[in-house]
Amino acid sequence: TCGIQNADVVDFVAYLPSSGEVALVMIEERRWDVSRERLLEIQAKAHNYVSFALDGQLAKGYPEYAGKPVSIELHCFEPPPDAITEFLKNLNQRLTRYDIKIRVVVVTAGRKAAPIRMQRRSWLEKLISSFARWYANLRRK
């Protein structure tokens with residue numbers, strides 16, 4: 001299963017032809033809370049994504065993406081709390097030497113994704129928007 005609670009799974013890998021980047025996408029379906037447990041989950045997931053990119057697992061599993069710039073994106077339904085945002089900002093700064101960017105994308109049901117610190121990527125936004133609509137409908141049942 002995907003989600004930040006499952007640190008050992010890369011939720012989604014996408015190639016973004018407009019930028020030439022490979023996006024490693026983390027998905028958080030739950031409402032945010034400010035618990036230490038949630039912070040530890042996002043830290044473990046993000047560190048595993050960094051390891052996946054830097055230690056060769058990305059290139060081995062997706063040889064067509066070897067050598068391409070990498071971004072790690074957190075897709076969620078509401079902005080993360082300050083502690084998680086601060087962690088992601090600090091991680092983003094540490095990863096600049098590896099040319100890896102961290103981005104947060106807030107997805108709202110029935111509307112296009114509202115990116116935070118992210119250039120528009122229309123096809124990815126449409127995919128996430130579709131996911132958000134599906135998820136909202138699923139929760140109504």
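Provide the solvent-accessible area of Leu74, counting protein heavy atoms only and rolling a 1.4 Å probe, rounded to the nearest 10 Å².
0 Å²
Using r as the Cβ-Cβ distance of Glu86 and Leu54, and R0 as 25 Å, what FRET efficiency do you calculate, to the nearest 0.05? Please list the in-between numbers first.
Working: r = 22 Å, r/R0 = 0.90.
That gives a FRET efficiency of 0.65.
Using only C-alpha atoms and all pairs of different ones, pull out the Kirkwood radius for the stretch 1-78 in Å with one decimal. Write down the numbers at each step before the final one.
Values: mean 1/r = 0.0768 Å⁻¹.
Final number for the Kirkwood radius of the stretch 1-78 is 13.0 Å.
Among DSSP bridges having both ends in the stretch 1-87, what percentage is antiparallel? Round to the nearest 5. Intermediate values should be presented prior to the final figure.
Working: 5 of 12 bridges.
Close to 40 percent.
Along the charge dipole of the stretch 1-67, pointing to its positive end and built from +1/-1 on Cβ of Lys, Arg, Asp and Glu, which listed residue (Gly61, Gly3, Ser35) has its Cα farthest out?
Result: Ser35, furthest along the dipole toward the positive end.
At 1.4 Å probe size, what's the solvent-accessible area of Asp82? Round to the nearest 10 Å².
130 Å²
Express the carbon and sulfur contribution to the solvent-accessible surface of the stretch 8-101 as a percent, rounded to the nearest whole number, probe 1.4 angstrom. Working shown, then result.
Values: 2460 of 4900 Å².
Carbon and sulfur atoms account for 50 percent of the accessible area of the stretch 8-101.
The values are calculated or read from the model by the stated rules, or taken from the named source; none is laboratory data. Note that this is a predicted model, so its numbers are computed, not measured. In this analysis, Cβ positions are derived from the backbone assuming ideal geometry, glycine residues included, and neighbour counts consider all displayed protein chains. Ligands, DNA and RNA are stripped out before the accessible areas are found, and what is left, the full protein with its side chains, is counted by its heavy atoms. Shrake-Rupley method; radii C 1.70, N 1.55, O 1.52, S 1.80 Å.
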